[in-house]
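Coordinate-derived values only; no laboratory data. Source: prediction; values computed, not measured. When we count neighbours, we look across all protein chains shown, and the Cβ atoms used for this are built from the backbone with ideal geometry, even at glycine.
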Amino acid sequence: MADSFFLDTNILVYAIEVNGPDPDKSESARQLIQQAGLIISTQVLGEFYSAVTSHRRKSPLTHEEAVAWIQLWKRWKTRQVTLAAVDLALEFVARFKIAYYDALILATARLADCKNVYSEDLNPRQEYSGVRVLNPFAPDA
């Protein structure tokens, strides 16, 4: 799985935006999700649901719409959050001083042998114990 990469929740959220606030990010996200080798986690699926159905969104999805997207995303390689991932995430929180849920994304990616995580939430190009964060929306991505 050397060519596999992991997607953070924000990539999926941008990918479904139609007439959203940032069409360039949406287009970049749609191009990225069409690449071979992508992996997500059950955490990402849960966060996606929470994000897109939130009443804080300008146009939240209905439960049914969000579930339809999740059914689509589940066709990809999806990793469950395991106890090993929780333990590794806790190590990452202490070592890198990052939020737990960000650490859990990195830990799950590492345990899935992904070298890269695409996200705009973490420091771009920073490496976390063998997992590098890439921001697909940055000019140098």
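Taking other Cβ within 10 Å of each residue's Cβ, how do Leu111, Leu106 sort, fewest first? Working shown, then result.
Values: Leu111 16, Leu106 28.
Starting with the residue having the fewest Cβ neighbours, the order is Leu111, Leu106.
Nearest 10 degrees, 0 to 90: what angle lies between the long axis of helix 100-111 and the longest principal axis of the chain (Cα atoms)?
Rounded to the nearest ten degrees, it is 70.
Show me, for the range 10-22, the HN-Hα J-couplings you get by feeding each phi into the Karplus relation (A = 6.51, B = -1.76, C = 1.60, θ = phi - 60°), rounded to Hz, glycine and proline as x.
4, 5, 5, 5, 4, 4, 8, 5, 10, 6, x, x, 9
Using the Kirkwood radius over C-alpha pairs as Rh, can you work out the diffusion coefficient of the range 5-134 via Stokes-Einstein at 37 °C, viscosity 0.692 mPa s, in µm² per second?
Using the Kirkwood radius from Cα pairs, D works out to 219 µm²/s.
Label points 7 Å out from Cα along the Cβ direction at Asn123 and Val18: separation in nm?
With each label point 7 Å from Cα toward Cβ, the separation is 4.0 nm.
How high is the relative contact order of the range 62-141, in percent, counting Cα pairs under 8 Å that sit 6 or more residues apart?
Relative contact order, the range 62-141: 19 percent.
What residues qualify as long-range amide H neighbours of Ser41, i.e. H under 5 Å apart, gap of 5 or more or another chain, H built at 1.01 Å from N?
Under 5 Å from the amide H of Ser41 lie the amide H atoms of Arg79, each far enough along the sequence or on another chain.
Just the number, please: percent antiparallel of the DSSP beta bridges in the chain, rounded to the nearest 5.
About 15 percent, rounded to the nearest 5.
Lysine pairs in the chain with Cα distance under 25 Å, only those 8 or more apart or on different chains: how many are there?
7
Where does helix 63-73 land angle-wise versus the long Cα axis of the chain, in degrees 0 to 90, nearest 10?
That helix lies at roughly 50 degrees to the long axis.
With angles folded into 0 to 90 degrees, how steeply does helix 83-96 sit against the dominant principal axis of the chain? Use alpha carbons for both and round to 10.
80
Under the Karplus relation 6.51 cos²θ - 1.76 cosθ + 1.60, θ = phi - 60°, what is the ordered set of whole-Hz ³J(HN,Hα) values for the range 46-58, x standing for Gly and Pro?
Per-residue couplings from phi come out as x, 5, 4, 4, 4, 5, 7, 9, 4, 6, 6, 6, 4 Hz.
Sort Arg110, Arg125, Arg132 so the one with the fewest other Cβ atoms within 10 Å of its own Cβ comes first.
Numbers: Arg110 21, Arg125 12, Arg132 17.
Lowest to highest Cβ neighbour count: Arg125, Arg132, Arg110.
Considering the zone a paramagnetic label at Ala84 would reach in this model (a point 7 Å from Cα along the Cα-to-Cβ line), which residues of the range 25-43 have amide N under 18 Å from it?
39-43
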